[in-house]
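Rule-based calculations on the coordinates, nothing more; no lab input. Please read all numbers here as calculations on a predicted model, not as lab measurements. For neighbour counting, all protein chains shown are included, and Cβ atoms are generated from backbone atoms with ideal geometry for every residue, glycine included.
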Amino acid sequence: MMYAWIILVIAIIIGLWYFSSGRVQPKHENPLDILKERYAKGEITKEEYEERKRVINSKK
């Protein structure tokens, strides 16, 4: 009976590992989204935002 519990626990651990791996993907944001987020957080001023936005848009 003890072996059944050990096998069950191991199966659950392997199952959790299998289904959780590969599901977490890095967040791919474009530069404009990052810039908007920084402006919203107050990390940059409106002038910095506008200048950087102009530079980003000129590269496209």
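For the range 14-19, the Karplus equation 6.51 cos²θ - 1.76 cosθ + 1.60, evaluated at θ = phi - 60°, returns couplings of 5, x, 4, 5, 5, 6 Hz by residue, with Gly and Pro reported as x.
If you run the Gaussian network model on the chain, springs between alpha carbon atoms under 10 Å, then out of ILE14, ILE44, ILE34 the most flexible one is ILE14.
Computed from backbone phi with θ = phi - 60° and the Karplus coefficients 6.51, -1.76 and 1.60, the 3J(HN,Hα) list for the range 5-13 is 5, 5, 5, 4, 5, 5, 5, 5, 4 Hz; x is used for glycine and proline. Karplus-based coupling profile of the range 39-53, in residue order and whole Hz: 5, 5, 7, x, 6, 10, 7, 5, 5, 5, 4, 4, 5, 5, 5, with θ = phi - 60° in 6.51 cos²θ - 1.76 cosθ + 1.60 and x standing for Gly or Pro.
Think of each Lys and Arg Cβ as +1 and each Asp and Glu Cβ as -1; about the Cα centre, that makes the dipole of the chain roughly 200 debye.
Think of it as helices only: each DSSP H run of n ≥ 4 in the chain is worth -39500 (n - 2.57), and spread over all residues that comes to -23000 deg cm²/dmol at 222 nm. Computed extension length for ILE12-LEU32: 3.0 nm, one decimal, from 0.36 nm per residue of separation with the Cα-Cα distance subtracted.
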